[in-house]
Amino acid sequence: MEIKFSDRIKECAPGLRVLAYEVEVQNAPTSDSLWEAVEKETEKIRAQYAIDEIKNRPAILATRNAYKALGKDPNRYRPSAEALCRRVVNGKELYRLTTLVDFINLLSMETGHSIGGFDADKIEGDSLLLDAGTKDDIYHGIGRGILNIENLPVYRDKVGGIGTPTSDEERTKLTEETSHLLMLINVYDETENLEELEKKTTELLTTLCSPASIRCTPYHCQK
């Protein structure tokens, strides 16, 4: 799966890098070891951040700045990592769902990056374009209904939008039948060490998700 960037994304988020993971893995019920890791990270976030401090985490702040550059208010359409951390700091519990959904939530809380998780077998075509959403886009956010994605970064396949840092789309969402994961880690923070992030992610995937295979391809917006 090749990732391409529109001119507008290149202009508004020139430092963006994406780690594209293609993983053969069965989306089984969440194991006790994975859920324990989720609960541990939840408690860590609650202890480390006040609610008003979350938006200043480097990865979250960089994503918010990209929203602003594109013309989107990040206080109305929060990046998913920010929304997730705010939820746990507010004392709300997370739902125990499936291996891949809970793993992505864990990694998102730990790193502050908004991460797209897609059933790769539902994606149309062999490439994705990261562009800015328009007022004409009809986009069904998972559990959110129709979402206004105008000026949000959105990954598009041949049919339409499948993922934004705020919410992924119903059409390509992960289900219990998913066996081919495409996971996109959106690194808007130019100071992030990409090699260290890739190493950490691969180790966690291997330990907590028992994949049959992992392939990671880094993409740079300006290359």
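The values are calculated or read from the model by the stated rules, or taken from the named source; none is laboratory data. Since this is a predicted model, take the numbers as computed values, not measurements. Reconstructed Cβ throughout: ideal geometry from the backbone, glycine too, with neighbour counts over all protein chains shown. These accessible areas exclude ligands, DNA and RNA; they are computed on the full protein's heavy atoms, side chains included. Shrake-Rupley method; radii C 1.70, N 1.55, O 1.52, S 1.80 Å.
Tabulated results
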item	result
Of all residues making up the range 10-27, the number that are among the aliphatic types (A, V, I, L, M), outside any strand (DSSP E or B) and closer than 21 Å to residue 110 by Cβ	2
Cβ pairs under 7 Å, 6+ apart, first in the range 33-45 and more than 16 Å from residue 92 (Cβ to Cβ), second part of a helix (DSSP H, G or I) and aromatic (Phe, Trp, Tyr)	34/103
Matching residues in the range 62-94 - criterion: being without any contact (Cβ under 8 Å) to a residue 40 or more places away in the chain, within 21 Å of residue 154 (Cα to Cα) and more than 15 Å from the chain's Cα centre (by Cα)	68, 73, 74, 75, 76
The range 139-190: number of residues that are touching a Pro at 6+ places or on another chain (Cβ under 9 Å) and open to solvent by 70 Å² or more (accessible area, probe 1.4 Å)	2
Any hit, the range 81-95, residues being open to solvent by 50 Å² or more (accessible area, probe 1.4 Å), under 20 Å from residue 115 (Cβ atoms), outside any helix (DSSP H, G or I) and not basic (Lys, Arg)	yes
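Yes or no, residue by residue, for (1) surrounded by 15 or more Cβ atoms within 10 Å (Cβ to Cβ); (2) within 30 Å of residue 150 (Cα to Cα); (3) modelled with pLDDT of 95 or more; (4) touching a helix residue (DSSP H, G or I) at 6+ places or on another chain (Cβ under 9 Å):
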residue: 5; (1), (2), (3), (4): yes, yes, yes, no
residue: 51; (1), (2), (3), (4): no, yes, yes, yes
residue: 60; (1), (2), (3), (4): yes, yes, yes, yes
residue: 79; (1), (2), (3), (4): yes, yes, yes, yes
residue: 102; (1), (2), (3), (4): yes, yes, yes, yes
